[in-house]
1. Only one of (1) under 24 Å from residue 13 (Cα atoms); (2) at pLDDT 80 or above is not met by residue 98, so which one is it?
2. Anything in the stretch 17-45 that is modelled with pLDDT of 85 or more and exposed (fewer than 13 other Cβ atoms within 10 Å of the Cβ)? List them, or say none.
3. I'm checking my understanding of the structure. Among residues of the stretch 89-104 that are open to solvent by less than 80 Å² (accessible area, probe 1.4 Å) and not in a loop (DSSP other than H, G, I, E, B), which one is nearest to residue 39 (Cα to Cα)?
4. Residue 65 passes all but one of (1) modelled with pLDDT of 90 or more; (2) open to solvent by less than 20 Å² (accessible area, probe 1.4 Å); (3) not in a helix (DSSP H, G or I); which number fails?
5. Go through the residues of the stretch 46-57 one by one and say whether even a single one is open to solvent by 60 Å² or more (accessible area, probe 1.4 Å), in contact with a strand residue (DSSP E or B) (Cβ under 7 Å, 6 or more places away or on another chain), at pLDDT 85 or above and part of a loop (DSSP other than H, G, I, E, B).
6. Do the conditions hold for residue 113, that is, is it at pLDDT 85 or above, open to solvent by 40 Å² or more (accessible area, probe 1.4 Å) and farther than 21 Å from residue 19 by Cβ?
7. Would you check which residues across the stretch 20-35 are over 23 Å from residue 80 (Cβ atoms) and within 15 Å of the chain's Cα centre (by Cα) and list them?
8. How many residues are in contact with a strand residue (DSSP E or B) (Cβ under 8 Å, 6 or more places away or on another chain) and free of Cβ contacts under 8 Å to residues at least 40 places away in the same chain when one looks only at the stretch 86-101?
Amino acid sequence: HALSSPLLLDLFFSVHKNLLTMFSIELGCKNIVDISPSNAYLLLRMNRCSLPITISRFKKSKFYLITLYKNLSYSMDKLLTAGYINQTIGKDKREVHMSLTEKGESLIKMLENVLEDNRKDLPFLSKEDYKTLSNLKPFIK
């Protein structure tokens, strides 16, 4: 069945809010206090790209949702300061390449487990629905 765009957007934001809540609970259980749930989600989205990646290339990727992360540079600085990402200067000195640190990779594994564990609790979302939700960027402006 095809979902209308407003309904699909409502579903997306509901799932996103629930993910942030799940991430918040998991971070609290693991006593991880140096990253917010939204920055943890941003790190997870960044990991879906081909790393290392520049901020401008990440913004253009299908994994970046501009309505959810208005100040990407600030969030990236937080991830860098907390030790979840590395930054290196490219050949063009204006380009800063970001990659995951070991700490970032460890957090990604934990978040992937949270997603997998909770996906089973959302049987109403088919794999096609998940794919559609992942590709919503063109509809969110």
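The values are calculated or read from the model by the stated rules, or taken from the named source; none is laboratory data. All values derive from a computational prediction rather than experimental measurement. Counting neighbours? That spans all protein chains shown, and the Cβs are built from the backbone with ideal geometry, glycine included. The area values use the complete protein model at the heavy-atom level, side chains included, leaving out ligands, DNA and RNA. Shrake-Rupley method; radii C 1.70, N 1.55, O 1.52, S 1.80 Å.
1. (1)
2. Quick first cut of the stretch 17-45, residues modelled with pLDDT of 85 or more only: 20-44.
Listed by number, the residues that qualify are 21, 25, 28, 29, 30, 31, 33.
3. Going through the qualifying residues, I end up with 104.
4. (1)
5. Filtering the stretch 46-57 down to residues open to solvent by 60 Å² or more (accessible area, probe 1.4 Å) leaves 48, 50, 52, 56-57.
Add one more test, that the residue is in contact with a strand residue (DSSP E or B) (Cβ under 7 Å, 6 or more places away or on another chain), and what stays is 52.
With the extra rule that they be at pLDDT 85 or above, the set shrinks to 52.
Retained after the next criterion (residues that are part of a loop (DSSP other than H, G, I, E, B)): 52.
The answer is yes, given that some residue of the stretch 46-57 is open to solvent by 60 Å² or more (accessible area, probe 1.4 Å), in contact with a strand residue (DSSP E or B) (Cβ under 7 Å, 6 or more places away or on another chain), at pLDDT 85 or above and part of a loop (DSSP other than H, G, I, E, B).
6. Details: at pLDDT 85 or above: yes; open to solvent by 40 Å² or more (accessible area, probe 1.4 Å): yes; farther than 21 Å from residue 19 by Cβ: no.
Here the answer is no, as residue 113 does not meet what is asked.
7. Result: 21, 22.
8. Taking the stretch 86-101 and keeping what is in contact with a strand residue (DSSP E or B) (Cβ under 8 Å, 6 or more places away or on another chain), we get 86-90, 95-101.
Remaining after also requiring free of Cβ contacts under 8 Å to residues at least 40 places away in the same chain: 86-90, 101.
The number of residues fulfilling the criteria is 6.
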